[in-house]
Every structure is written in structure tokens, then in C-alpha cells.
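Written below as C-alpha cells is the structure these notes are about.
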Amino acid sequence: KCGDTVEWTLGNDNVLTISGTGEMADYTWTNFVPTTPWYDYKTSIKKIVVSDGIISIGASAFYGLSYVTEVELSNDILVLGKYAFHGCYNLDEIDLPDSLQYIASDCFSCCFDLTSIDIPESVTRIGSYAFYACDELKDVNLPSNISSLEAATFRGCESLEGIEIPENITTIGAS
């Protein structure tokens, strides 16, 4: 289990599948080792599939899964938790669902190969350091109705060529 009504499986095809309904559990880590039940298989996991019915990705859920190259997210996801994809070094793209409302702090930090991100119109807030040290991130499309970019959201994105800040933004945290 990885939530009250959420389960996980790891197939022979190296796909980690999260299924069920509701919220994923939040996880912690000690000495950079997460407490997720699948972390022992980190070198085997190449793809993550989050099935419909899941509404949030828990904190540190996929932390340090550096061999992951592909992620499929449920169309029901509302929240991507803190550090959810931190250290997924080889993830170069991800399609965010139109249902998404909030990207938490450090969610995609240290996703070194991520090259572009289209943030859906439904997102109104992005947490601090959400894309920290995404070295290859060049293109970011922010939704027109976003109201808050917390501190250092794109800090350390050395390849970022520019970003258009929508008119509706009311809060931009320190860099």
C-alpha cells in the first residue's frame, strides 16, 4: 500500500504503477534515502504510471528514482507533493494533467534532463524551488491565471532562455 486506498506494483517491464483512489501517502527520507516501499528497486524502475483515481502524488513519492525516463500521470491529479520527482535525473519531459492545481516545493528539483514544461491553466501556485537545478530546462509556459510563484521557483535553471510572467501574478518570491 501507498495510501489508504492506493497500491503499487512493479511489473517485469520495469513500470511502477500506482493505482486505486484518493491520495498517495507522503514519504520522508533520512540521509537522502526515501522511505518509499519501492526505493529498493530504484535502478529497475524506468517508467511511472499513475492511474486515474489518484488525486495527489505524495511528498517524496518518486524521490531519487534516477533511472526513470517516462511518467504518465492521472487526469485526476490535483497536487504534486513536495520533492515528488526530486532527483529523477533522466526525466526529460512530463505532461502535466489539466486537473493539476498546485506544484509543491522542490517537486521537480534536480531533474537535470527536463527540457521544457507546459504548466496547465488550472495551476494557480507553484512552490519554492519547484524546478531548482533543472539544468537543461529551456522552455517554461506558465498559465495565464497563475497567481503565485514562490521563492526561487526556477533557481539554478542555467539553460532557461526566458520566461513570460502572466499579468495575473500577484506574488513572486525572492530569487
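The values are calculated or read from the model by the stated rules, or taken from the named source; none is laboratory data. Remember, predicted model here, so these are calculated numbers, not experimental data. In this analysis, Cβ positions are derived from the backbone assuming ideal geometry, glycine residues included, and neighbour counts consider all displayed protein chains. Ligands, DNA and RNA are excluded from the accessible area calculation, which covers all protein heavy atoms including side chains. Shrake-Rupley method; radii C 1.70, N 1.55, O 1.52, S 1.80 Å.
Within the stretch 131-144, the set of residues being open to solvent by less than 30 Å² (accessible area, probe 1.4 Å) and not aliphatic (A, V, I, L, M) comprises Phe131, Cys134, Pro143. Tell me, please, whether a residue that is surrounded by 17 or more Cβ atoms within 10 Å (Cβ to Cβ), within 19 Å of Glu72 (Cβ to Cβ) and out of contact with any strand residue (DSSP E or B) (no Cβ under 9 Å at 6 or more places or on another chain) can be found in the stretch 145-155. For the stretch 145-155, residues surrounded by 17 or more Cβ atoms within 10 Å (Cβ to Cβ), within 19 Å of Glu72 (Cβ to Cβ) and out of contact with any strand residue (DSSP E or B) (no Cβ under 9 Å at 6 or more places or on another chain): absent.
Each residue in the stretch 106-119 was checked for being surrounded by fewer than 22 Cβ atoms within 10 Å (Cβ to Cβ) and out of contact with any strand residue (DSSP E or B) (no Cβ under 9 Å at 6 or more places or on another chain), and 2 of them qualify. Ser175 falls short of the stated requirement of being more than 12 Å from the chain's Cα centre (by Cα) and within 30 Å of Asp13 (Cα to Cα).
Identification of strands (runs of 3 or more DSSP E) wholly contained in the stretch 1-98 with 2 or more residues that are touching a Phe, Trp or Tyr at 6+ places or on another chain (Cβ under 9 Å), among the small types (Gly, Ala, Ser) and open to solvent by less than 10 Å² (accessible area, probe 1.4 Å) yields no element.
Does any residue of the stretch 105-115 turn out to be in a loop (DSSP other than H, G, I, E, B), under 17 Å from Phe62 (Cα atoms) and either in contact with a helix residue (DSSP H, G or I) (Cβ under 9 Å, 6 or more places away or on another chain) or among the aliphatic types (A, V, I, L, M) (or both)? Looking for residues that are in a loop (DSSP other than H, G, I, E, B), under 17 Å from Phe62 (Cα atoms) and either in contact with a helix residue (DSSP H, G or I) (Cβ under 9 Å, 6 or more places away or on another chain) or among the aliphatic types (A, V, I, L, M) (or both), one finds at least one in the stretch 105-115, hence yes. Can you find a residue that is among the acidic types (Asp, Glu) and in contact (Cβ under 8 Å) with a residue 40 or more places away in the chain anywhere in the stretch 84-93? Yes. Residues that are open to solvent by less than 40 Å² (accessible area, probe 1.4 Å) and either of a type in the set (D, E, K, R) or over 23 Å from Asp98 (Cβ atoms) (or both) within the stretch 156-175 comprise Gly156, Cys157, Ser159, Gly173, listed in sequence order.
Taken as a whole, the stretch 120-130 holds at least one residue that is open to solvent by 10 Å² or more (accessible area, probe 1.4 Å), modelled with pLDDT of 95 or more and closer than 17 Å to Ser60 by Cα.
Of all the criteria given as (1) at pLDDT below 95; (2) in contact with a strand residue (DSSP E or B) (Cβ under 6 Å, 6 or more places away or on another chain), the one not satisfied by Ser175 is (2).
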